[in-house]
Amino acid sequence: PGGTDDFMERAGNIGVCIECGYNDSQSAADKAEESIRRFLALMRLTDSAVPLRVAEQKALRAVYAQIAETNFEPVALVPDFTPIKAGALIGRDGEREMHAPSDGYLTFVRRREGAGQEAYVFLEVAS
């Protein structure tokens, strides 16, 4: 709710949402621009020839968003959708260690000072 795709759906139209990453990331901006160019080319709205990339794809499901209780310090600032193994240390929230509950992926990993802010989102492959 609140995104462009939600607005379009409420207006009775089709909206498309492409997750590109953290808003302040240059790689997210690059991914967004590439996605727009590919979409326009695939819909034949431009004369640009954009080659399709064929790659194995996975559907991921957000399991939870970790909200900082004090101050969250990640072990590393990793790119969005980084694979992580069960039990691996993600970071510390004050004195509390945060570990991956299962094999999965991390996205939006950020250092947070203060409680109530999203520290990261843990994802698993959707079945």
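The values are calculated or read from the model by the stated rules, or taken from the named source; none is laboratory data. Model, not experiment: these values are computed from the prediction. When we count neighbours, we look across all protein chains shown, and the Cβ atoms used for this are built from the backbone with ideal geometry, even at glycine. Heads up: the accessible areas ignore ligands, DNA and RNA and are worked out on the full protein's heavy atoms, side chains in. Shrake-Rupley method; radii C 1.70, N 1.55, O 1.52, S 1.80 Å.
Residues in segment 95-115: is at least one assigned to a loop (DSSP other than H, G, I, E, B) and basic (K, R)?
In the first step, residues of segment 95-115 are kept if they are assigned to a loop (DSSP other than H, G, I, E, B); the result is 95, 100-103, 108-111, 114-115.
Of the ones still in play, those that are also basic (K, R) are 110-111.
Taking every residue of segment 95-115 in turn, at least one turns out to be assigned to a loop (DSSP other than H, G, I, E, B) and basic (K, R).
If we scan segment 28-38, do we find a residue that is touching a helix residue (DSSP H, G or I) at 6+ places or on another chain (Cβ under 9 Å) and small (G, A, S)? The answer is no, given that none of the residues of segment 28-38 is touching a helix residue (DSSP H, G or I) at 6+ places or on another chain (Cβ under 9 Å) and small (G, A, S).
Scanning segment 66-94 for residues that are open to solvent by 50 Å² or more (accessible area, probe 1.4 Å), within 18 Å of Q117 (Cβ to Cβ) and among the charged types (D, E, K, R) yields a total of 3. What's the total number of residues in segment 37-65 that are surrounded by 13 or more Cβ atoms within 10 Å (Cβ to Cβ), farther than 22 Å from A100 by Cβ and aliphatic (A, V, I, L, M)? Summing the residues that are surrounded by 13 or more Cβ atoms within 10 Å (Cβ to Cβ), farther than 22 Å from A100 by Cβ and aliphatic (A, V, I, L, M) in segment 37-65 gives 3. Residue pairs whose Cβ atoms lie under 9 Å apart, separated by 6 or more positions or on different chains, with the first residue in segment 105-125 and under 22 Å from L60 (Cβ atoms) and the second outside any strand (DSSP E or B) and among the polar types (S, T, N, Q), are R110/Q117; F122/S102; E124/S102.
Here's the yes/no breakdown for (1) under 18 Å from the mean Cα position of the chain (by Cα); (2) not in a helix (DSSP H, G or I):
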| site | (1), (2) |
| --- | --- |
| D30 | yes, no |
| S35 | yes, no |
| A41 | no, no |
| R61 | yes, yes |
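So, of the residues in segment 90-127 that are modelled with pLDDT under 95 and among the hydroxyl-bearing types (S, T, Y), which turns out to be farthest from A76 (Cα to Cα)? Among residues in segment 90-127 that are modelled with pLDDT under 95 and among the hydroxyl-bearing types (S, T, Y), the one farthest from A76 (Cα to Cα) is S127.
Could you count how many residues in segment 12-28 are assigned to a helix (DSSP H, G or I) and farther than 21 Å from L52 by Cβ? Steps first, please.
Initially, segment 12-28 is screened for residues assigned to a helix (DSSP H, G or I), giving 26-28.
Retained after the next criterion (residues that are farther than 21 Å from L52 by Cβ): 26, 28.
Number satisfying all stated conditions: 2.
Look through segment 116-127, keep the residues that are in a strand (DSSP E or B) and open to solvent by 50 Å² or more (accessible area, probe 1.4 Å), and return whichever of them is farthest from Y64 (Cα to Cα). Among those that are in a strand (DSSP E or B) and open to solvent by 50 Å² or more (accessible area, probe 1.4 Å), it is V125.
Contact map, segment 58-75: first residue modelled with pLDDT of 95 or more, second residue polar (S, T, N, Q), Cβ cut-off under 8 Å, separation 6 or more or different chains; pairs are I67/Q117; A68/Q117; F72/Q66; F72/Q117.
Applying the condition of being acidic (D, E) and open to solvent by 100 Å² or more (accessible area, probe 1.4 Å) to segment 1-36 and asking which residue is modelled with the highest pLDDT yields E9. When segment 76-105 is filtered for residues that are hydrophobic (A, V, I, L, M, F, W, C) and either in contact with a Pro (Cβ under 8 Å, 6 or more places away or on another chain) or farther than 23 Å from Q26 by Cβ (or both), the ones remaining, listed by number, are I84, A86, A88, L89, I90, M98, A100.
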